[in-house]
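Let me begin by presenting the structure, written as structure tokens, before commenting on it.
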Amino acid sequence: MSAPRRWSLGRRLGLWLAVSVAALWLAAATVAGLVLRHEIDEVFDSALQEVAQRVLPLAYSELLAREDGAGAQHMAPVGPHREFITYVVRDAEGRVLLQSSDAEQMAIPAGLTPGFHTTARLRTYTEAAVKGTIVVTAAEDLGHRAAAVRRAVMALIWPLVALVPIALGGVWLTLRLILKPVLAFRQAIAERGRGNLAPVSEQGLPAEMAPVAGAVNALLERLRGALEAERGFAANSAHELRTPIAAALAQTQRLMAELPAGPEQERARAIAGALRRLSRLSEKLLQLAKAEGAGLLAETPAPLAPVLRHVIADLDRQSARAGDIALTMTGDGGPVSDLDPDAFAVLVRNLIENALKHGTPDTPVHVRLIADRLEVANHGPVVPADRLALLLRPFERGPTGADGSGLGLAIAAAICRGAGLTLEIASPMPGAADGFSAVVRFPRQARS
């Protein structure tokens, strides 16, 4: 089951800040729209009132100058334009005496009392004079007011379309600058590999992150101390045991030569065998301690094929089993790696010794060194899947009756882990029904 996706702190802050800015802008635009509508109503109501009050004396003068019986008169516009405020002048009986050019389209109702009135589609102001015999009504379409308010509000909202991307970019850039020390701290922790337990720099961290950095460095210090104590104990114990074990083995071998054939010599031979196993165990423990320590990388990359040839030659001198090894490697010196040659020698020796020791007799151990990997495979019993991963732990052994300490694969795994390599083990080996294979994958290095 895959781990749930986590949101970064910068993304959360950026998103919430952008949403907050947009919400505040919309709220401010809404409040501004309400205030603007109130102000627009006051301005247009004042305009209605002013139109009615200005038209009234002009209409009275016009009516006095008329001849009796004249009908309703339309005031012609000065030029082509749209009238947003129209007016109509009526007498006491409601007859139209004078009206603006667009008054008929507005259908201004009659019989309105002086003052402001609002109908379904009009806002009107009525003014009466000459004891109510002349009534002037100025009217405006409410749709015009609504359109004016809508345009004003949209003028406030439309900049938000451009503001949101700009705000997101600004917030992202600001957060990148602010969180740069935190991101550097995270990167430094993520790169803690290959046995690097040095303290992480706390420089530039904000006050909220400083305790976290201190806790991480304290944890690294405790871990480094524990690992150094464990490695030191294993290395010192193995080193101190080598001399007395060698002395005891020499004395036992001398005793074997002095004793006559019989039970006493057999017991001495058994003691010598136990001392040899103990010597090999101390050597493996010393290798494991070094593998879990530092110094696994060389200053400059070098080809690994010469080291592999040297290891096989040394195994042949000690056990005369080079004929059991089927070696395949490229002719250009093999892969180039920054793995320390001594560390690679320990790695490949443990893998080959493990294959020779636990493989089926009279079957070859296949060793293949190519551009990006080292493969060691042997025929033998199949390791159950539930025990396969356990073989990389110290003192864990598979289904075999061969003598051994269970440290070979643990040493190889420790070297790969400390050097940043990948160790893959499989049983049965690929393309076969039995056996065991170990593959070490190297990162590609540029040849000089």
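The values are calculated or read from the model by the stated rules, or taken from the named source; none is laboratory data. Because the structure is a prediction, the values reported are computed rather than measured. No Cβ is skipped: glycine too gets one built from the backbone with ideal geometry, and neighbour counts run over all protein chains shown. Please note that ligands, DNA and RNA were not included when accessible areas were found on the heavy atoms of the full protein model with its side chains. Shrake-Rupley method; radii C 1.70, N 1.55, O 1.52, S 1.80 Å.
Solvent-accessible area assigned to carbon and sulfur over the range 116-224 amounts to 68 percent, based on a 1.4 Å probe.
Tally up the carbon and sulfur contribution to the accessible surface of the range 334-397 as a whole percent, 1.4 Å probe, everything protein left in place.
Values: 1510 of 2720 Å².
Reported share for carbon and sulfur atoms: 55 percent.
Taking every protein chain into account, the accessible area of the range 105-173 amounts to 55 square angstrom per residue (probe 1.4 Å).
Just to confirm the filter: which trypsin sites (Lys or Arg not before Pro) across the range 108-214 are DSSP coil and have at most 14 other Cβ within 10 angstrom of their Cβ?
Answer in residue order: R121, K131, R192, R194.
Note that the range 307-400 presents 47 Å² accessible area per residue, ligands and nucleic acids not counted, probe 1.4 Å.
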